1. Please report Met425, Met50 as a ranked list, fewest other C-beta atoms within 10 angstrom at the top and most at the bottom.
2. Give me the Kirkwood hydrodynamic radius of segment 57-194, using the inverse of the mean 1/r over all pairs of distinct Cα atoms, in Å to one decimal.
3. Taking the convex hull of the alpha carbon atoms in segment 404-452, what volume per residue do you get, in Å³?
4. Take the Cα atoms of segment 126-194, find their three principal axes, and give me the spread along each one in whole Å, biggest first.
5. Direction-averaged shadow area of the convex hull around the Cα atoms of segment 274-421, nm²?
6. Can you give the charge dipole size of segment 76-194 about its Cα centre, rounded to the nearest 20 debye, using +1 on the beta carbon of Lys and Arg and -1 on the beta carbon of Asp and Glu?
7. Once the mean 1/r over all distinct Cα pairs of segment 238-285 is inverted, what Kirkwood radius in angstroms do you read off?
8. What's the Cα-based Rg to Rh of segment 336-471, Rh via Kirkwood?
Amino acid sequence: MSDAPTDPLALPAILHALRAAWQANRPSLAQRDDDLLRLRMAFKARLPQMAEAIAADFGHRSTRESLIADGMTVLGEIDHLRAHLRRWARPRRVGVGWRFWPARAQLRPVPLGVVGVIAPWNYPVNLALIPLATAIAAGNHVILKPSEHTPRTSAFLQALLAEVFPPARVAVVQGDAALASALASAPLDHLVFTGSTAVGRKVMAAAAAHLTPLTLELGGKSPAIVCSDYPLDRAAARLATGKWFNAGQTCIAPDYVLIDGARQRELVQQLQTQVRARYGDFSDAADYTRIIHEGQYRRLRGYLDQARARGVPVIELATVDPERAARERLMVPTIVLDPPADLDLMQEEIFGPILPVCAYPDLDAALAGVEARDRPLALYVFSQQREVVERVLGRIVAGGVTVNDTLLHFAINGLPFGGVGPSGMGAYHGRAGFDGLSKRLPVLWQSRWAASDLLKPPYSKIAGMLKVLLR
Ligand code: NAD
């Protein structure tokens, strides 16, 4: 496996090769289907290697979590793309209206050309291969830059893709922010960027040079609102899955929980029960993922130090030897009770296993608090009362919503996935991705006889016709 960094100066030649090959031979539908099938087979055969590479990059990453979040999701998306590709690619007839009859009009999905994909480290295979497979389904060539923080997984991706695709159809480049920034400034036909909102801003500025169209899949603080009617044991179980899967290093993890004040303590107890049932005493913690690198670990510890220094209650839901914790970058599920709004962990996306549990006096106050923040990537609402859920949905604009659970809207291929405002723009998954990475070319076919031929001077001759047209 190669992990040699790519010189940013090499990008123009790589892009030129991808574009020239695409122009010479745009992938047919049969070619795209075959590409996706070969990708699926090669990927499926290497799932154990994938899980090993990710685990090595994280220090430890639960194998099952890798198989679910980076394996199953990719296989499911490829299957969905292959099942629907021919239908999505078909030109769609559009009515022209009686004024232009008998012309015919259609919308014809055509590939864009060369699509760039810049991926983050947290689900390093999912967030690289789903955009890539979507771009291939739409008939594009692809240049992928995986994250520099998962070097073994990036090498795995490079080897996998080199086996499946000729180098002029899919190129993988390796490098850090300098290379990513050069790629964002390059003349691409579309760029799918997944990462933080701060870097997303830089990507948008860089893409402006060539007016490169963007899909920005960013982050933010996604709230979970537990309403007073919802059973706490079930809420706690589903919050625990959403928050502690991948140790909270998930863009759509519930960032903080809002709960009616009377039930706050009981929710914490239920969360504690969940943690014990799932991870025991953390003596091996095989099913629990570590923090990706030292910088992230320090950032997260800093949030807790700051909260403690301000006298805010910090409740670690398990005890591990501090030396081991630091050595393994093992941060146990931790709750912070009612942190003031000015603490860093209430200002920034947490992206780790720390869960603020905030009491609200009433639902309106909770919604006002959420509304006052940036529009979130995800919103979770727990209530069995339809009108309560509708009240929440009627007020909060979010990238996506799961009602009475967490994370799962991401996994439904038929639901477009994406943020809104500072949590992102554009969407992918399924048809939304296919359309987003195609040019939906409007084509008007004029007929042999057309009334519009008469729309010419001297206009005095068509006064009667104009009267009809202006009806
Ligand atoms: P990041 O923004 O630091 O890095 C993401 C990618 O951007 C990396 O490949 C990096 O090399 C590249 N990059 C760095 N500087 C760049 C620049 N100036 N121009 C262009 N590219 C640049 O994010 P991360 O730490 O890898 O991932 C965590 C963040 O990603 C969190 O904020 C999380 O919410 C977000 N995220 C969002 C989604 C989503 O689908 N919306 C999914 C996963 C993660």
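1. Values: Met425 18, Met50 25.
Lowest count first: Met425, Met50.
2. Mean inverse Cα-Cα distance, inverted, gives 16.7 Å.
3. Details: hull volume 7.7 nm³, N = 49.
Output value, Cα hull per residue: 158 Å³.
4. 28, 26, 21
5. One quarter of the hull surface, i.e. the mean projection, equals 10.8 nm².
6. Values: 12 positive and 6 negative charges, 196 e Å.
It works out to roughly 940 debye.
7. 11.8 Å
8. That ratio equals 1.29.
None of the figures in this text is laboratory data; all of them are computed from the coordinates on show. All values reported here derive from a predicted model rather than from experimental measurement. So basically every Cβ, Gly included, is an ideal-geometry build from the backbone, and we count neighbours across all protein chains shown.
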